[in-house]
2 protein chains.
Amino acid sequence: MTSSTTSSTINGTTKTWQAIQAEVRKRINARLWKPGALIPHEADLALEFGCARATVNRALRGLAEEGLLTRQRRAGTRVALNPVRHARFEIPVIRSEIEGRGQSFGFAILKRETLVPPPDVRARLKTGAKVALLHLETLYTADGAPHVFEDRWINLAAVPSIDEETFVTISPNEWLVREVPFDGGDFTFSALAATSKQAALLACELGQGLLVLDRSTHNAQAVVTSVRLIFHAGYRMHTQI
Amino acid sequence: MTSSTTSSTINGTTKTWQAIQAEVRKRINARLWKPGALIPHEADLALEFGCARATVNRALRGLAEEGLLTRQRRAGTRVALNPVRHARFEIPVIRSEIEGRGQSFGFAILKRETLVPPPDVRARLKTGAKVALLHLETLYTADGAPHVFEDRWINLAAVPSIDEETFVTISPNEWLVREVPFDGGDFTFSALAATSKQAALLACELGQGLLVLDRSTHNAQAVVTSVRLIFHAGYRMHTQI
DNA sequence: ATTGCTATTATGTCTATACATATTAGCGAG
DNA sequence: CTCGCTAATATGTATAGACATAATAGCAAT
């Protein structure tokens, strides 16, 4: 029958943009297209794959975002010389992370005060020498065991409503994620050897290596909060690419 | 003067997908569209912004990839309940990282041997109990100072040509990135306190906290290599979102 | 040789239309 | 009330055609 409703209008195989991506990936891996080399331009590939240029564009754009290709107008598309790989870490809400492992989540506010912070914190939050900030120290636990110690400074000007929050039922971590929209931030991983205070808090030996994550988040107006998370000994932050 | 602009949106000149993204972001941040809420569907937005549905699709797809929106066929698009944020770390070639800071790069192969690895390495590389692997220990330096100690195991079956490489002019790190295509891998950050050996290698105090990055990379066939990088004391790995 | 214009070219984006596909809502039979 | 079918619907993808934009190459004038 001359039914025009059949799906595969294209001879041979239906070439979705994902199929094209896979094919391009294969050619790069097989060194058919070598690092640094120019690959055929979109129109040619569209012709070869029997699809529209927009479909090729969709495929190549994705690979460029991954860092596998570099593209430039007029100059064309080439295989990346140094395939800069990106590791994407999910930064979850602490409660979700713990409960996701089937453990019980808990937290305790160890300190809550409003004062002018030390210079390094002032620098991170870009606040003046006389501006008081909210300072919170919280210990998060998993199945009762110390999980992470959080040392947080909050810009009250950016989050005024936080004054009314007691943090009895919701942790500072979760409250901020839920209530404060933000545009960006920065993350820094580092390591330190446990001081006696940290060893006591996190129930580890004095001098053990601890993973540290410093994070500050900002919106369009100001730096909202800056936090240092010191994880329990042996904690590993994992991701796949 | 007169409050002339009652403009519902940016009209006229540019209604690019990026402008639409920005507008949607603004509405989410302004809580006009609250977390969990359904937003108008693509056709409606296209009508409102005066553009084609494909353009709206492009904008919303990007926001969904970021994790700010969740989209489902037939069900529509809603603002993500807990915006899982992603930190994207670039994993550069060590030489590029050092030279990018204007420092001089160097490396020294401390050990090169071929032997059956211990069980934990066997597990990571998924090799048999009798398969010998190439083991390399390398110290990378920046301006002559220790930068990172690399302890690497390489699956010879996956990278046979490595036997001929002397690593005199090119480091193992760079050689592998350049010569061995891979599909994926996983990363784990952790911390340890410097042992006396590590302290000597990295020129730091005994017991200092050191940042550790374990990485293994695989292609379609096998796990190609597994590496542990132990960074010098005080090293900070930074990224922005 | 250097500068400056212009034509060329490959990617970037937008449009209008069409069909595919997943998921839900509704309805009828058991 | 539940199961199973069908219709409705929002996103996902593909298409041809068009124009925009950046970067290059070539050529001309200084």
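The values are calculated or read from the model by the stated rules, or taken from the named source; none is laboratory data. Model, not experiment: these values are computed from the prediction. Glycine also receives a Cβ, built like all others from the backbone with ideal geometry; neighbour counts cover every protein chain displayed.
Of all residues in the range A:217-241, which are over 25 Å from B:L206 (Cβ atoms), buried (at least 16 other Cβ atoms within 10 Å of the Cβ) and more than 10 Å from every other protein chain (Cβ to nearest Cβ)?
A:H218, A:V223, A:V224, A:T225, A:S226, A:V227, A:L229
Here is a yes/no grid of residues against (1) over 22 Å from A:I20 (Cα atoms); (2) within 14 Å of another protein chain (Cβ to nearest Cβ); (3) within 16 Å of DNA strand C (Cβ to nearest atom):
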| residue | (1), (2), (3) |
| --- | --- |
| A:A59 | no, no, yes |
| A:E66 | no, yes, yes |
| A:T77 | no, no, yes |
| A:I94 | yes, yes, no |
| A:T114 | yes, no, no |
| A:P119 | yes, no, no |
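Hey, among A:F107, A:F89, which residue is within 21 Å of B:I241 (Cβ to Cβ) and not assigned by TED's automatic domain parsing to the domain that holds A:V24?
After ruling out the rest, the residue left standing is A:F89.
Answer yes or no as to whether A:L60 is in contact (Cβ under 8 Å) with a residue 12 or more places away in the chain and either among the charged types (D, E, K, R) or crowded, with 17+ Cβ neighbours inside 10 Å (or both).
yes
For A:N82, indicate whether it is surrounded by 14 or more Cβ atoms within 10 Å (Cβ to Cβ), within 9 Å of DNA strand C (Cβ to nearest atom) and within 14 Å of chain B (Cβ to nearest Cβ).
no
Of A:R95, A:R73, A:R112, which residue is modelled with pLDDT of 95 or more and among the basic types (K, R)?
Going through A:R95, A:R73, A:R112 in turn, the sole match is A:R112.
When the range B:179-215 is examined, which residues are found to be more than 7 Å from every other protein chain (Cβ to nearest Cβ) and either assigned to a strand (DSSP E or B) or within 18 Å of A:H232 (Cβ to Cβ) (or both)?
Residues satisfying the conditions are B:V212, B:L213, B:D214, B:R215.
With the range B:57-166 as the region, which strands (runs of 3 or more DSSP E) entirely inside it contain at least 1 residues that are of a type in the set (S, T, N, Q)?
Here the list reads B:69-72, B:76-79, B:105-115, B:133-142.
Given the options A:E179, A:E165, A:E205, name the one that is surrounded by fewer than 19 Cβ atoms within 10 Å (Cβ to Cβ), closer than 27 Å to B:L229 by Cβ and not basic (K, R).
A:E205
In the range A:29-56, what count of residues is obtained for those that are in a helix (DSSP H, G or I), more than 9 Å from DNA strand C (Cβ to nearest atom), surrounded by fewer than 16 Cβ atoms within 10 Å (Cβ to Cβ) and among the hydrophobic types (A, V, I, L, M, F, W, C)?
Qualifying residue count, the range A:29-56: 1.
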